[in-house]
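The values are calculated or read from the model by the stated rules, or taken from the named source; none is laboratory data. Every value quoted in this text rests on a predicted model; they were computed, and no experiment measured them. Neighbour counts are summed over all protein chains in view; Cβ atoms, including those assigned to glycine, are modelled from backbone coordinates with ideal geometry. To get the accessible areas, we keep the full protein, side chains included, count just its heavy atoms, and leave off ligands, DNA and RNA. Shrake-Rupley method; radii C 1.70, N 1.55, O 1.52, S 1.80 Å.
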Amino acid sequence: MKHRKTIAIIMTICIICSGWIVSSDFFKPAPVQFMVPKGWPQPVYDFKSNPLTREGIELGRQLFYDTRLSKDGTISCGTCHQQFGAFNTYDHSLSHGYNNSLTTRNAPGLFNLAWQKEFMWDGGINHLDLQPLAPITAENEMAESIQNVLSKLQAEKEYRRLFKAAFGDETITTQKLTKAISQFVLTFVSSNSKYDRVMRGVDTFILPEKLGYEIFKKKCASCHTEPMFTDFSYRNIGMPVDPFLKDLGRMKITNDPVDSLKFKVPSLRNVMRSFPYGHDGRFFSVMSVMEHYRKNMVPDLRTDSMLRNRLPLSNFEIGQLTAFLHTLTDSSFLKNPNLAAPGKGVSTTAPVDIHN
């Protein structure tokens, strides 16, 4: 009799526990702490609304490299944002989109996004979680509807599993989709270049790098402010409007003529690996950018006040500046296997141009 009572108690406990297990379904994603490099400002991204987890980051990684997010299944986020180019469109002036169409801009590099309030060359997107919606639905980029994307993902057993692991259930929504991609790209932190090591006191500049850094602080740092190497402002740097693209930059967002031809100041981190340069990729080398600033600018009253007389640069200064810019290359970031396409490893060679 006593044994029967004990068995009954044990069975009751087991039933209660199994019920708790089924109800919670073991949903307990592994938290990932976002590390702020020493001396850097606090991020502006609200991690409390989208805490990083190992499962969320992995889901975002799958989505970032999944071509099924495009209409014809040929273009992913990673198609234009290539790791070896610091996640920019490497080599091509304009990014390529659906049905061999061209976009109107060069996809900028992606890194240190947790510190950015606005996105795109004109700042037209004001939250990282909203950013993926623009390229997915743009006719000259991925050309797909969000509903179709959700339907395709919902039909995949593996994606239902991944979403459940990251967010607790298999229902795939727009918010979960974009939050997962945000979690992945938030891990794109570039903070281990030679410049960073010098700032941490564990490396030293050689003479040309040191001279270049001094020139940089006098002539470039007002806009390309350390440690991000951008002040995130929008400036007109005397680039004449392209007669075919007719891209007026920030003015497209504000509708204010004062903002005509203003574009976001790009970060110079990894600049030697992220050519071509400019919002429309019109500069194919750092040297051509330097030539623009010292000779080829077309300044007018809307040009930034610091540049209306162009930027005096001697050949010697350009040489030293170039040496310094090389110190901003973060090889550990460019070759981080955790940021590469799942199962493919890091690519160190330029992609084949599928449009040739």
- In region 140-155, which residues are among the polar types (S, T, N, Q) and surrounded by 13 or more Cβ atoms within 10 Å (Cβ to Cβ)? 140, 148, 154
- Scope region 139-154; condition polar (S, T, N, Q) and more than 12 Å from residue 99 (Cβ to Cβ); matching residues: 145, 147, 148, 151, 154
- Query: Any idea which residue in region 45-101 is most open to solvent (accessible area, probe 1.4 Å), counting only those that are closer than 30 Å to residue 31 by Cα, touching a residue at least 24 places away in the same chain (Cβ under 8 Å) and in contact with a Gly (Cβ under 6 Å, 6 or more places away or on another chain)?
  - Reply: 65
- Note on the structure: Over region 279-330, the set of residues closer than 16 Å to residue 211 by Cβ, within 30 Å of the chain's Cα centre (by Cα) and part of a loop (DSSP other than H, G, I, E, B) is 327, 328
- Query: What's the number of the condition residue 87 fails, among (1) more than 17 Å from residue 187 (Cβ to Cβ); (2) in contact with a His (Cβ under 9 Å, 6 or more places away or on another chain)?
  - Reply: (1)
- Note on the structure: From the option list 304, 300, single residue qualifying as among the charged types (D, E, K, R) and open to solvent by less than 40 Å² (accessible area, probe 1.4 Å) is 304
- Restricted to region 285-296 and to residues being touching a strand residue (DSSP E or B) at 6+ places or on another chain (Cβ under 8 Å) and touching a residue at least 24 places away in the same chain (Cβ under 8 Å), the residue farthest from residue 241 (Cα to Cα) is 286
- Check region 85-107 and report whether any residue there is within 14 Å of the chain's Cα centre (by Cα) and closer than 19 Å to residue 174 by Cβ. no
- What are the pairs, 6+ residues apart or on separate chains, where a residue within region 306-326 that is among the basic types (Lys, Arg) has its Cβ under 7 Å from a residue that is modelled with pLDDT of 95 or more? 310/293; 310/294; 310/297
- Taking region 129-141 and keeping only residues that are within 17 Å of the chain's Cα centre (by Cα) and either of a type in the set (Val, Ile, Thr) or outside any helix (DSSP H, G or I) (or both), one is left with 131, 132, 136, 141
